[in-house]
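Novice: Have a look at this one before I ask anything.
The values are calculated or read from the model by the stated rules, or taken from the named source; none is laboratory data. None of these values were measured; they are calculated from a predicted model. Cβ: placed from backbone, ideal geometry, glycine included. Neighbour counts: every protein chain shown. The protein model used for the area step is the full one, side chains on, heavy atoms only, and it has no ligands, DNA or RNA in it. Shrake-Rupley method; radii C 1.70, N 1.55, O 1.52, S 1.80 Å.
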Amino acid sequence: MGKINTCVKLHETRQISTKRALFIFIATTLVLILTLVIDNRDSSGSSFSIHQISSSTTKTTTIPRRPEATGRLIRSQPFYYGVDGPRDPRFYNIIPEEEALTFPPCKDINQAASTQYSKVSLADHSKDTYAIGETIRAVVTLFNGYGKRKYSGGDQIRATIESNMFLASAPCVITDNRDGTHAVFCEALWSGDSKINVSLAYTREVITRLYDRKLKTLPKNLIYGTYMKGNYTEDTPCHPIRKNLLILTSYTEICDLTSQNSGMPFFCGRPSNENLLCEDLQVLNLDRLGSNSVKGSLTDCERKLFQSAHHTLEPSLSIYVANRIEEKYVSVIDKPSIPCSQYNVSLTWHSRRPTGFFYGGKWNLRNCLGTSQQRLMSCLRNRRLYLIGDSTVRQWFTAVLDRFKCKMANEDFWKCPKCQKKVQCTNKDINFETVWYQHGQPNRMKTGWYTKNTWYSTSYHIDKIPREERAIVLIHIYLHVHGYHSDVFKQRMQIIRKSVENYLSQSKHSIVLIKAPHTHFDVPLGDFSGYVFSKILFDVFDGLHDKVVLLNNRDATQAQHEVPIHPRKNIVNAMVDQMMSYVCN
């Protein structure tokens with residue numbers, strides 16, 4: 001009798017395994033079919049257009065494993081994430097500098113939060129199945145390297161919800177409770193099995209060191225000014241803040257190069273050679289040897305903590321989302337009904353809700369309805385697009401070049417794409433032009449000597465735009481000031497804000513957008529400053545939130561765990577799509 005029961009159980013197990021294998025096969029096939037259907041449905045046929053996935057198109061023959069949801073989840077009010085608004089630093093998942101610096105430097109690594117002992121669990125342990133649109137709540141409880149519970153805040157936690165089967169991923173919202181726990185909020189955007197992955201991005205000790213280092217030291221890869229006259233030459237360090245240059249170097253006299261930098265503050269040490277004057281400064285260059293390196297300024301404890309950044313807490317949380325009751329197979333959250341061009345612009349500054357998600361490998365806007373490639377071409381007729389920023393913005397330029405049949409006006413760009421020269425392209429059929437400018441000093445390109453092209457600031461370019469144009473103006477500053485104290489970013493954005501306000505008051509048919517910082521892992525100081533810069537952007541542009549669009553690029557890069565500082569092509573195109581959707585009806 002025992003052998004018969006064993007055989008029956010084995011047969012049942014094999015049946016379950018076969019059904020699950022069949023489910024995986026059918027679901028995978030569904031994603032491939034769904035992607036092809038969506039691609040063919042796009043009016044343009046371009047692989048770069050925004051893909052809004054309609055749940056009605058997702059049909060297979062698989063049967064749900066668990067009970068279906070009782071209906072659609074309708075939310076009458078925005079979900080509360082435990083933070084009242086953007087004036088709270090926790091809105092940006094940061095601890096303020098003044099608070100972080102109250103903690104002592106790291107001496108014992110085991111006193112810091114540990115991924116080995118820290119725990120993550122679902123907040124509602126009784127739930128077995130979630131509904132589409134429902135918020136899945138989890139809690140992270142931090143323990144140190146000794147296995148003792150932490151009761152202070154300041155560590156930065158990040159999380160994503162992902163499904164490898166459906167090529168789907170989305171960022172989750174994190175709230176630091178400042179008691180050693182973090183609340184995690186993930187939205188159920190697609191049905192089926194998914195995992196919530198949580199990582200310890202930066203310990204509080206690392207964040208304290210990042211703040212302290214930028215306050216007390218010069219940046220890695222310092223900019224030097226070269227003075228030349230006749231047979232005389234001398235190099236001196238440069239900095240965008242006067243007092244920092246005086247405090248952090250041995251120089252007692254400096255050369256004010258603000259006018260050369262078209263109104264954006266910039267200073268270099270005055271040459272000690274009496275035959276050289278400030279006006280003899282000829283070129284700027286970057287110290288590529290990084291004499292003021294990050295590693296050399298860290299304690300052993302801090303160095304080890306930097307190496308442990310972005311480590312995942314194990315195990316991941318497994319969750320199941322049921323199909324809607326009226327949809328028997330695969331369900332995906334409904335696409336938005338409000339076009340981005342009619343979306344309340346101020347919400348781009350005030351909402352914590354993720355702005356999109358990947359499904360089938362395609363990025364889908366969450367807050368508003370994107371536009372199509374066909375409508376874009378009509379929308380861009382008789383318009384000018386100004387892209388002002390660093391090399392990540394130059395990536396946008398090359399995407400536009402490919403997308404909108406824009407012919408290069410200066411083909412020598414391809415010989416030296418990093419030479420920082422003005423680049424433009426035109427589509428004469430629709431009278432559309434795109435221009436890319438770099439943003440002025442400080443500039444951290446590593447291609448040798450700088451030219452006069454790098455002296456023109458963002459404000460200079462904005463002030464020069466003809467007011468009668470129907471212009472699209474995109475602004476971005478991040479990586480080139482990443483190594484400095486956040487005061488440098490704030491100083492620049494305050495000046496830019498004045499130009500933006502003046503421009504919008506005189507140009508009624510134009511739109512200004514700000515490209516916010518994205519996430520990345522492959523630089524020594526990490527990407528924490530991007531979160532700090534986002535808080536500064538909100539504060540500086542207070543009063544213009546209803547006139548300037550803030551483009552969130554962090555959600556897409558975080559959802560894909562992007563490592564390089566230059567995002568991959570599919571992410572760049574998703575970012576360009578988002579920008580154009582706010583511009584065009």
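Novice: Which of the aspartates and glutamates could be linked to residue 421 by a straight reach, that is with a Cα gap under 16 Å, when you skip same-chain ones fewer than 8 residues away?
Specialist: Cross-link targets: 390, 411, 412.
Novice: Same structure, new question: Could you tell me which of the pairs 119/148; 515/535; 220/569; 119/150 are separated by over 18 angstrom between their Cα atoms in the structure shown? Mind dumping the intermediate values first?
Specialist: Working: 119/148 12 Å; 515/535 14 Å; 220/569 28 Å; 119/150 11 Å.
Going by Cα-Cα distance, 220/569 fall outside the 18 Å limit.
Novice: Roughly how many Å is it from the Cα centre of region 226-283 to that of region 513-548, as a whole number?
Specialist: First find each Cα centre; the distance between them is then 30 Å.
Novice: Tell me, what is the percent relative contact order of region 89-210, built from C-alpha pairs under 8 Å that lie six or more residues apart? Show your work: numbers first, answer last.
Specialist: Values: 236 pairs, mean separation 36.8, N = 122.
Value for region 89-210: 30 percent.
Novice: If each residue of separation counts as 0.36 nm, what is the full-extension length gain between residue 585 and residue 242 once their alpha-carbon separation is subtracted?
Specialist: Working: separation 343, 0.36 × 343 = 123.48 nm, distance 4.57 nm.
Difference between extended and current length: 118.9 nm.
Novice: Sticking with this structure for a sec: Starting from the Cα-Cα distance between residue 402 and residue 87, subtract it from 0.36 nm times their residue separation and give me the gain in nm to one decimal. If you can, show how the numbers build up before the last one.
Specialist: Details: separation 315, 0.36 × 315 = 113.40 nm, distance 3.96 nm.
Full extension from residue 402 to residue 87 adds 109.4 nm.
Novice: In Å², what does the accessible area per residue of region 238-372 work out to with a 1.4 Å probe? Present the calculation step by step, with values, prior to reporting the outcome.
Specialist: Values: 6200 Å² over 135 residues.
About 46 Å² of surface per residue is accessible.
Novice: Please report the accessible area of residue 459 (heavy atoms, 1.4 Å probe, ligands and nucleic acids excluded) in Å², nearest 10.
Specialist: Ignoring ligands and nucleic acids, residue 459 comes out at about 10 Å².
Novice: Heavy atoms only, 1.4 Å probe, whole protein assembly: order 568, 394, 270 by accessible area, highest first. Before the final figure, lay out each step's value.
Specialist: On the way: 568 110, 394 25, 270 90 Å².
I get 568, 270, 394, largest accessible area first.
Novice: How far apart, in nm, are two points set 7 Å out from the Cα along the Cα-to-Cβ line at residue 506 and at residue 320?
Specialist: Using points 7 Å along Cα→Cβ, the separation is 6.4 nm.
Novice: Taking a probe of 1.4 Å, how large is the accessible area per residue of region 85-163, in Å²? Don't jump to the answer; show the numbers that get you there.
Specialist: Working: 3640 Å² over 79 residues.
For region 85-163, the per-residue accessible area is 46 Å².
Novice: For 398, 519, 102, write out the residues from largest to smallest accessible area, computed with a 1.4 angstrom probe and no ligands counted. Walk me through the numbers on the way to the answer.
Specialist: Values: 398 40, 519 5, 102 100 Å².
These residues rank, largest area first, as 102, 398, 519.
Novice: Can I ask one more? Does anything in region 136-168 have its amide N under 15 Å from the 7 Å Cα→Cβ label point of residue 119, and if so which residues?
Specialist: Taking a point 7 Å out along Cα→Cβ of residue 119, the residues of region 136-168 whose backbone N falls under 15 Å are 138-144, 147-151.
Novice: Given a 1.4 Å probe, how much area per residue of region 470-516 is accessible, in Å²? Present the calculation step by step, with values, prior to reporting the outcome.
Specialist: Details: 1470 Å² over 47 residues.
Here the residues of region 470-516 average 31 Å² of exposed surface.
Novice: Let me ask another. Could you give the nm distance between label points at residue 179 and residue 410, where each point is 7 Å from its Cα heading toward the beta carbon?
Specialist: 5.9 nm
Novice: Something else about it: Within the set 407/547; 428/508; 107/243; 304/362, which residue pairs have Cα atoms separated by over 28 Å? List each step's numbers first, then the result.
Specialist: Values: 407/547 31 Å; 428/508 24 Å; 107/243 31 Å; 304/362 37 Å.
Result: 407/547; 107/243; 304/362 exceed 28 Å.
Novice: Mind checking the full-extension length gain between residue 228 and residue 250? Use 0.36 nm per residue of separation minus the Cα-Cα distance, one decimal, nm. Could the numbers behind the result be given before it?
Specialist: On the way: separation 22, 0.36 × 22 = 7.92 nm, distance 2.11 nm.
Value of the extension gain: 5.8 nm.
Novice: Turning to a different aspect of this structure: Of the accessible area of region 169-290, with the probe set at 1.4 angstrom, what percent is carbon plus sulfur?
Specialist: Working: 2260 of 4630 Å².
Heavy-atom surface of region 169-290 belonging to carbon and sulfur, 1.4 Å probe: 49 percent.
Novice: Hey, another quick one. I'd like the accessible area for residue 479, computed on protein heavy atoms only with a 1.4 Å probe and all protein chains in place. Round to 10 Å², please.
Specialist: Residue 479 has an accessible surface of roughly 20 Å² with all protein chains in place.
Novice: Under a 1.4 angstrom probe, counting protein chains only, how are 108, 84, 402 ranked by accessible area, largest first?
Specialist: Reading off the accessible areas and sorting them downward yields 84, 402, 108.
Novice: Grab the beta carbon distance between residue 167 and residue 312, set R0 = 22 Å, and tell me the FRET efficiency rounded to 0.05.
Specialist: Plugging the Cβ-Cβ distance into 1/(1 + (r/R0)^6) gives 0.65.
Novice: Probe radius 1.4 Å, ligands and nucleic acids ignored: give me the carbon and sulfur share of the accessible area of region 337-396 as a rounded percent. Write out the running numbers ahead of the final one.
Specialist: Working: 920 of 2030 Å².
Its accessible area is 45 percent carbon and sulfur atoms.
Novice: Rounded to the nearest 0.05, what FRET efficiency do residue 274 and residue 217 have when you use their Cβ-Cβ distance and R0 = 25 Å? If you can, show how the numbers build up before the last one.
Specialist: Values: r = 30 Å, r/R0 = 1.21.
Approximately 0.25, to the nearest 0.05.
Novice: With every protein chain left in place and a probe of 1.4 Å, what is the accessible surface of residue 555, to the nearest 10 Å²?
Specialist: 20 Å²
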